[in-house]
Amino acid sequence: MSSPPRFTHGVTERFLRYVVIDTQSDPVSPTSPSTEKQKNLGRVLADELRAIGIHDAHLDEYGYVYATIPANTDKRVPVICFCSHMDTSPDVTGQDVKPQIVRNYRGGDIVLPADPTQIIRAAEHPALRDQIGNDIITTDGTTLLGADNKAGVAEIMDAAHFLVHHPEIRHGAIKILFTPDEEIGRGVDKADLKKLGADFAYTVDGESAGSIEDETFSADGAVITIEGVSTHPGYAKGKMEHAIKIAAAIVDRLPKDTCSPETTEGKQGFLHPIGISGALEKATLGFIVRDFTEQGLKEKEALLESIVKQVMKDFPRSSYRLEIKPQYRNMKEVIDRHPQVIDNAMEAIRRAGLNPVKSSIRGGTDGSRLSFMGLPCPNIFAGEHAFHSRLEWVSVQDMEKAMQTIVHLAMIWEERA
């Protein structure tokens, strides 16, 4: 094993630069990327990568940033990619982000300065217990922070800078990929894996320091289209069958105590309505369906259709159509075939001074789809917490540990080649 590197860090400064660039994605936009403003960060990253000596760094027309740190060893080492997404969630505004640093956190609640009703409560954020003495970065309470996933972006960038400036650290070829539109499920739609040329990858998009995630939900989308019966409301008795009311009845019959995000945890899946629209004659209901197994997905989709059929009995002249569209699948199926990907990551986490914790994601990452596209890709921690909300936070020290884990991973793949 090589002697441990002596780390220097610029990850906080990078992170603070990146979060003020608005990169919110847009689920209703048909373009790639869904918002042009995501390219503003992409241009900054490509310029910074070239400035540190990574000559092939570039932003493509679809908003992806590609770069290569060349190998500096004679060994034949698998090509490893580190990947993070540049966009932020559409759920909360990402415009005019004003990051704050709580130095030497001593415990207790954190009141956000621009909106004192926004409070990161220690009782509701147990991960804060591990942050005593650390420096916590939050927003001012009016926006999200964007640690999901600009923490990962900053950590990869800082690791790249460190590797380029420390040629004594031996490693194989390292690929860097920054993606747009992950938050709206399109993060790898236009990714060119042939151009990327990696054998294995890691998304840097996880939560608590030390965590590595080798399993995600499997996911489908479901759309129910209801055709009602329209007539003049003044003469509607016995004739009208209102599509909106049919849709409302379907939602009302969903399980109350199970099978929803607000009633499940761990390995439990759910049926989750995400949209309802329409008028008297026609209405549409959108759902996401989540489970860790294919069988679990099928059971929830069968439950949904049985509810629809029961409701439709009360509206005999109306009709419905149910469409199921696969979204992504549990990456564990692929990653389990390549145990070295997890083994190396767990050793890197140990060398960064942390206890590795393997866990499952109640969601998906770019790594879910990359794995099934032929690039096995678990998820390692970035330190982000309370994502998609104004209470989002990350600690400086966790970001530094993530950067160190990336560097150790590069070393370990070379050592074990």
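The values are calculated or read from the model by the stated rules, or taken from the named source; none is laboratory data. Since the model is a prediction, treat every value here as computed from it, not as a measurement. Every residue, glycine as well, gets a Cβ built from its backbone with ideal geometry; the counts of neighbours run over all protein chains shown. Ligands, DNA and RNA are stripped out before the accessible areas are found, and what is left, the full protein with its side chains, is counted by its heavy atoms. Shrake-Rupley method; radii C 1.70, N 1.55, O 1.52, S 1.80 Å.
Residues in the stretch 370-400 that are part of a loop (DSSP other than H, G, I, E, B) and open to solvent by less than 10 Å² (accessible area, probe 1.4 Å): Leu375, Pro376, Cys377, Pro378, Ala382, Gly383, Glu384, Glu392. Residues in the stretch 265-283 that are under 19 Å from Gly221 (Cβ atoms) and either touching a His at 6+ places or on another chain (Cβ under 9 Å) or buried (at least 17 other Cβ atoms within 10 Å of the Cβ) (or both): Gly269, Phe270, Leu271, His272, Pro273, Gly278, Ala283.
Does Gly367 qualify as being in a loop (DSSP other than H, G, I, E, B) and within 16 Å of His85 (Cα to Cα)?
Here the answer is no, as Gly367 does not meet what is asked.
Leu271 fulfils the conditions (1) in contact (Cβ under 8 Å) with a residue 60 or more places away in the chain; (2) among the hydrophobic types (A, V, I, L, M, F, W, C); (3) out of contact with any Gly (no Cβ under 8 Å at 6 or more places or on another chain) except for a single criterion, (1). Checking the stated criteria, Asp205 turns out not to satisfy the condition of being more than 27 Å from Asp91 (Cα to Cα), open to solvent by 10 Å² or more (accessible area, probe 1.4 Å) and among the acidic types (Asp, Glu). Taking every residue in the stretch 124-142 that is over 19 Å from Pro113 (Cβ atoms) and pairing it with any residue that is of a type in the set (Lys, Arg), at least 6 positions away or on another chain, the pairs with Cβ-Cβ distances below 9 Å are Ile132/Arg106; Gly133/Arg106. The number of residues in the stretch 277-326 that are outside any helix (DSSP H, G or I) and of a type outside the set (Phe, Trp, Tyr) comes to 27. Number of residues in the stretch 30-67 that are of a type in the set (Ser, Thr, Tyr), in contact with a Lys or Arg (Cβ under 8 Å, 6 or more places away or on another chain) and either open to solvent by less than 70 Å² (accessible area, probe 1.4 Å) or within 17 Å of Met157 (Cβ to Cβ) (or both) equals 4.
Hey, could you check the stretch 257-299 for residues that are small (Gly, Ala, Ser) and at pLDDT below 95 and say which is farthest from Arg321 (Cα to Cα)? Ranking the qualifying residues of the stretch 257-299, first place goes to Gly266. Checking Ser34, Ser25 one by one, the residue that is among the small types (Gly, Ala, Ser), in contact with a Ser or Thr (Cβ under 6 Å, 6 or more places away or on another chain) and under 18 Å from Ala151 (Cα atoms) is Ser25 and no other.
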